[in-house]
Amino acid sequence: MSSAAASPGRRVSLLTLGCSRNEVDSEELAGRLAAGGWELESDPAGSDVVVVNTCGFVESAKKDSVDTLLAASDTGAKVVAVGCMAERYGEQLAGSLPEADAVLGFDHYADLAERLDDVAAGRQVASHTPADRRTLLPISPVERQDAATGVAVPGHAGWGPRVLRSRLDDAPVASLKIASGCDRRCSFCAIPSFRGSFVSRHPDEIVAEAEWLATQGARELFLVSENSTSYGKDLGRELGGTRALEALLPRLAGVDGVERVRVSYLQPAETRPDLVRAIATTPGVADYFDLSFQHSSETVLRRMRRFGSTDAFLALVDQIREYAPEAGIRTNVIVGFPGETDDDVAELERFLTGARLDAVGVFGYSDEDGTEAEGYEGKVDPDVIAERVARVSALVEELTAQRAEERIGTVVDVLVEQAGGDAGTEGGDEAEVTGRAAHQAPEVDGDCVVLGAGNVERGELIRCEVVDTAGVDLIVRPVAPAAGEDAAR
């Protein structure tokens, strides 16, 4: 994408913390800034302004955001905070962090280039004033699409044929936002208050951006949102309604240059049989299920304002594996939630043992500002939480390693992400080639180490046999495709 030539003093770098949704937002901001005449720099030390896209999800993420803002200030550049932490705390963050020259919310994104002009010139920019973004759109989902045109929703600029986005790396996988916000009211989560109500992107807009990403070298599309299973509920029947994601997946998989489409952030209570079948059986869509179980004890789930049980979740896992026995399934769980008992932990362990998941993130509960659970009685002692995290983490490490071992002898399609150096060492047994199979999402689910890969290139999809494991990582070797198989793929 072309942009106006940057004038002196208009060099900007973007630092992104948090989840893949933030990564998409940063690339939107990069596109806006480039269109506004700012020159994108990869090195903060060579920039006039550093924009830090913060994360405000949990305390550790907030600390990382503050540390990054302070480090950016040490470069001598002007520093601007945007993103979830800036949106959530606004002027409070500005008051406690004078090193930030401006703290801007989502409503500033459309004119960010102009606001950076002000910052670079030393003009004061008023800090963002936080508000509950759930109040900005109608309660009824079907009334939101028209109303959303006047509300800032990062990643939903309504760009039509023009994609206002600049890639900040050349990775063969790219995140693609299909929706923003969340209508759920989980008692431990503050995200809806600062991300707002759930809003889907129009499918044609998503496909247009997918086509653009393919021209930028993306071979895998990682579909992200706060809740992908709600996609389409606000779009109306003519666009598929609650079945819109099932209709969208084959369109994305059919984009020229795209080898694989991966869906993330599924809510178990909303994961319908038709969606399971679409993900598990649509050619070009990874049979991968990122399910937000969080716990499996009914008692804990109800206090979390969630639904489900060990048996219901195991039934969902069985349903997935009926369609795709080798499907990848991952989740996150919270232990130490207020009121959690030893029996509740044992129930969670029963689920994890029975489910045989591929990857599990284990987190200890901590209070989040403004959430319902913050005021709950029955808080678990921090030492007990730490013990439970260690106990469940040890079980998870054992179970996920076993699940990886079950894949020995199977064939996987590996997207090559690193292919530097020689093809192999002496004897050809090892190669500096790594990538991911269909059951492995970026950064969180392990990798494939490819032995004897030969002259492969980054972004290439190669068929391999699993020959060994190292924890959740797979050790694989390329295999020749069966006759006629390449033509069928």
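General observations
- The sole residue among Pro273, Pro268, Pro283 that is under 30 Å from Arg305 (Cβ atoms) and open to solvent by 30 Å² or more (accessible area, probe 1.4 Å) is Pro273.
- Test result for Thr149, open to solvent by 40 Å² or more (accessible area, probe 1.4 Å), part of a helix (DSSP H, G or I) and at pLDDT 90 or above: no
- Residue pairs whose Cβ atoms lie under 6 Å apart, separated by 6 or more positions or on different chains, with the first residue in segment 17-40 and farther than 21 Å from Thr68 by Cα and polar (S, T, N, Q) and the second at pLDDT 90 or above and open to solvent by 10 Å² or more (accessible area, probe 1.4 Å), do not occur.
- Residues (open to solvent by 60 Å² or more (accessible area, probe 1.4 Å) and either in contact with a strand residue (DSSP E or B) (Cβ under 6 Å, 6 or more places away or on another chain) or of a type in the set (Lys, Arg) (or both)) located in segment 116-135: Arg123, Arg134
- Counted as qualifying within segment 79-125 are the helices (runs of 4 or more DSSP H) with 1 or more residues that are closer than 18 Å to Arg10 by Cβ, namely 112-120.
- Members of segment 196-235 found to be within 27 Å of Gln440 (Cβ to Cβ), of a type in the set (Lys, Arg) and touching a residue at least 60 places away in the same chain (Cβ under 8 Å), listed by number: Arg219
- A single entry from Arg350, Arg388, Arg330 fulfils the requirement of being more than 25 Å from Ile279 (Cβ to Cβ), of a type in the set (Lys, Arg) and surrounded by 16 or more Cβ atoms within 10 Å (Cβ to Cβ): Arg388.
- Residue within segment 186-199 that is out of contact with any strand residue (DSSP E or B) (no Cβ under 9 Å at 6 or more places or on another chain), open to solvent by 40 Å² or more (accessible area, probe 1.4 Å) and small (Gly, Ala, Ser) present: no
- Unique match (being open to solvent by less than 40 Å² (accessible area, probe 1.4 Å), touching a Ser or Thr at 6+ places or on another chain (Cβ under 9 Å) and modelled with pLDDT of 90 or more) among Gly95, Gly105: Gly105
- Taking the numbered list (1) part of a strand (DSSP E or B); (2) open to solvent by less than 30 Å² (accessible area, probe 1.4 Å) in turn, Val467 passes all entries but (2).
- Lone qualifier among Ala171, Ala208 - being in contact with a Pro (Cβ under 7 Å, 6 or more places away or on another chain), open to solvent by 10 Å² or more (accessible area, probe 1.4 Å) and closer than 20 Å to Glu23 by Cβ: Ala208
- Yes/no for Leu15 being open to solvent by 40 Å² or more (accessible area, probe 1.4 Å) and either in contact with a strand residue (DSSP E or B) (Cβ under 7 Å, 6 or more places away or on another chain) or under 23 Å from Gly155 (Cα atoms) (or both): yes
- Residue, least open to solvent (accessible area, probe 1.4 Å), within segment 43-74, restricted to residues that are of a type outside the set (A, V, I, L, M, F, W, C), in contact (Cβ under 8 Å) with a residue 40 or more places away in the chain and in a loop (DSSP other than H, G, I, E, B): Gly56
- Within segment 337-348, residues that are more than 11 Å from His295 (Cα to Cα) and touching a residue at least 40 places away in the same chain (Cβ under 8 Å) have Cβ atoms under 7 Å from residues that are open to solvent by 50 Å² or more (accessible area, probe 1.4 Å) and not in a loop (DSSP other than H, G, I, E, B) in these pairs: Pro338/Arg303; Gly339/Arg303, counting only partners at least 6 apart in sequence or on another chain.
- Any hit, segment 212-219, residues being open to solvent by less than 20 Å² (accessible area, probe 1.4 Å) and among the small types (Gly, Ala, Ser): yes
- Taken together, Gly90, Gly9 contain a single residue that is touching a helix residue (DSSP H, G or I) at 6+ places or on another chain (Cβ under 6 Å) and at positive phi, which is Gly9.
The values are calculated or read from the model by the stated rules, or taken from the named source; none is laboratory data. Model, not experiment: these values are computed from the prediction. Virtual Cβ from ideal backbone geometry, glycine too; neighbours counted across all protein chains shown. Accessible surface is based on the protein model in full, side chains and every heavy atom, while ligands, DNA and RNA are left aside. Shrake-Rupley method; radii C 1.70, N 1.55, O 1.52, S 1.80 Å.
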